[in-house]
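One structure is given here, and the rest of the page talks about it.
Rule-based calculations on the coordinates, nothing more; no lab input. Predicted model only: the values in this text are computed from it and were never measured. Cβ: placed from backbone, ideal geometry, glycine included. Neighbour counts: every protein chain shown.
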Number of protein chains: 2
Amino acid sequence: MAIKTLGAKAAATLDQELMSTCAFSIDQLMELAGLSVSQAVYRVHPLNKGRRILVACGPGNNGGDGLVAARHLFYYGYNPSIFYPKRSKNELYQRLAKQLEDLDVPFVDDFQSAIASTDHVVDAIFGFSFSGEVREPFPAVIQALQETKLPVTSVDAPSSWDIENGPPSSGLGSSFMPTALVSLTAPKPLVRHFNGRHFIGGRFVSPSMAKKYGFEVPEYQGVDQVVEVATSGEKL
Amino acid sequence: MAIKTLGAKAAATLDQELMSTCAFSIDQLMELAGLSVSQAVYRVHPLNKGRRILVACGPGNNGGDGLVAARHLFYYGYNPSIFYPKRSKNELYQRLAKQLEDLDVPFVDDFQSAIASTDHVVDAIFGFSFSGEVREPFPAVIQALQETKLPVTSVDAPSSWDIENGPPSSGLGSSFMPTALVSLTAPKPLVRHFNGRHFIGGRFVSPSMAKKYGFEVPEYQGVDQVVEVATSGEKL
């Protein structure tokens, strides 16, 4: 069975439909998406592997998911730190950042020194709306993610990868292969180029919406907000 | 160790502070509170004990927590149905109800016949802001909850109980003892009169806020959003 994926345009349309027809608020969806990411990190990188988690957040929704995930990771017992160089003025992101500041979670300015003193990196830089060029200050970050030997968990997409076509054919990001990928709502076409542990999260898509968009709601277990699947789509 | 509790006024102040100084939105808090409730129900009443869960929702935030819990219970594989006779015009509650309608979760009008064909009841009628009289149409509902042999899980307070003093000394609600109670953020003083399984949920209170309000963040396990405690406060 080939995995069913959701292209960049369809993912954007589904997102809009969840927040209009389906009556979800972005606060709700981001909370559940970030919670899924935190549960995947907990599986890939249990507490006894080292508690320091560096969460790299981009300026948009992917970064917001990272901020939520970092908060839940704090509550699980990790010591997250946040690299968030392009802070959005959007009120929601400002609130998510404040929630972390109230937990004394540090915001770091220098990614190079931060990655030298962490145990795991969450890549919440770019998501399904990414296309084109990696803008400053993120090229050096992608470069570091590509070179590090640390485990990296990417949110929805390995940052710098094209949503449809996967890694760039050469240059920055072309050899970036994260340890784990958390596909939110449904895998994107880039998953065909991914060779790590693959999770699906976002347990809020109704069976009828999944059907409309041509994918299947994966078989989550118990109260889990995330499920590990083979990149071919079967549950592991 | 006597359990540390949060009185009705303090609970209201904490709630306000979470949504002002602490920068949470009510959507976020309600999502996490309802998620906690759903996880407690999953423990008290695993799927093999019968999948039908009747969620009785009051007009306020307690009812909103119930709506969120019902949605998560649907995703776990239960068949929830909702009794929600006093629908709020508040936009958030309307959205939470729509999210259930999109899952074809039935809204029932007749509590007596609904309770005759369910396996478990969630009491999300009144929470920490309840005081005084049980208003129509809820007296008959409390009466039914008091008489049923079905397991009942109450959200934050057994409905009709005084938040400080517990069950009414006589009449309606005086012999209502739910099977399980999910205290949100911290137990309320009424817990001293409660003899069932006691859970604490709402894994979003910072250590500094808990300290300020004179209670302790309980020791949640792993990624759990709920923890079972003895009514004396120790973790089980």
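For A:M19 and B:F107, what is the calculated FRET efficiency with R₀ set at 22 Å and r taken between the beta-carbons, to the nearest 0.05?
0.45
In nm to one decimal, list the spacings between the A:H193 label point and its equivalents in the other copies, with label points set 7 Å along Cα to Cβ, shortest first.
6.5
Taking a label point 7 Å out from Cα toward Cβ, give me the nm distances from B:F107 to the same spot in the other copies, shortest first, one decimal.
4.1
Modelled label-to-label distance, B:K212 and A:A140, 7 Å Cα→beta-carbon offset: nm?
For the pair B:K212/A:A140, the computed spacing is 3.7 nm.
Remind me, relative contact order of the stretch B:113-236 in percent, using alpha carbon pairs under 8 angstrom and six or more residues apart?
Result for the stretch B:113-236 is 19 percent.
Apply the a/c threshold of 1.5 to the C-alpha gyration tensor of the protein assembly as shown and tell me whether it is rounded, prolate or oblate.
Prolate shape, in that a/c is at least 1.5 and a/b is the bigger ratio.
Taking the Cβ of A:K9 as the center, what net charge do the other residues with Cβ under 14 Å away carry, scoring Lys and Arg +1 and Asp and Glu -1?
Summing Lys/Arg as +1 and Asp/Glu as -1 gives -3.
Distance in whole Å from the B-onto-A rotation axis to the closest C-beta of chain B, together with the residue it belongs to, please.
B:D27, 2
When DSSP assigns beta bridges and you keep just the ones with both residues in the protein assembly as shown, what percent turn out antiparallel, to the nearest 5? Write out the running numbers ahead of the final one.
On the way: 12 of 58 bridges.
The answer is about 20 percent antiparallel.
Would you work out the relative contact order for chain A, in percent, from Cα pairs under 8 angstrom that are 6 or more residues apart? Let's see the in-between values first.
Values: 456 pairs, mean separation 52.1, N = 236.
Relative contact order of chain A: 22 percent.
With a point put 7 Å past each Cα toward its Cβ, work out how far A:S129 is from A:R43 in nm, to one decimal.
That separation, rounded to one decimal, is 2.8 nm.
For label points placed 7 Å from Cα toward Cβ, what is the shortest-first list of nm distances from A:E133 to its copies?
With the label placed 7 Å along Cα→Cβ, A:E133 yields 7.1 nm.
State to the nearest 20 debye the size of the charge dipole of the stretch B:8-229 about its Cα centre, where the only charges are +1 on K and R beta carbons and -1 on D and E beta carbons.
The calculation lands at about 200 debye.
Given a Förster radius of 56 Å and the C-beta distance between B:R192 and A:E147 as r, what FRET efficiency does 1/(1 + (r/R0)^6) yield to the nearest 0.05?
0.45
Report ³J(HN,Hα) in whole Hz for each residue of the stretch A:189-202, in order, from the Karplus equation J = 6.51 cos²θ - 1.76 cosθ + 1.60 where θ = phi - 60°; Gly and Pro get x.
x, 4, 4, 5, 9, 9, 10, x, 7, 10, 10, 10, x, x
In peptide B:20-31, what is the residue-averaged number of other protein chain Cβ atoms found within 10 Å of each Cβ?
Mean shielding by partner chains, rounded to a whole number: 6.
What relative contact order, as a whole-number percentage, does the stretch A:58-113 give when Cα pairs under 8 Å and 6 or more residues apart are counted? Walk me through the numbers on the way to the answer.
Numbers: 50 pairs, mean separation 22.2, N = 56.
Result for the stretch A:58-113 is 40 percent.
Would you tell me the mean number of C-beta atoms belonging to other protein chains that fall within 10 Å of each C-beta in B:219-227, as a whole number?
Mean shielding count: 4.
What average number of partner chain Cβ atoms lie no more than 10 Å from the Cβ of the residues making up A:201-210?
3
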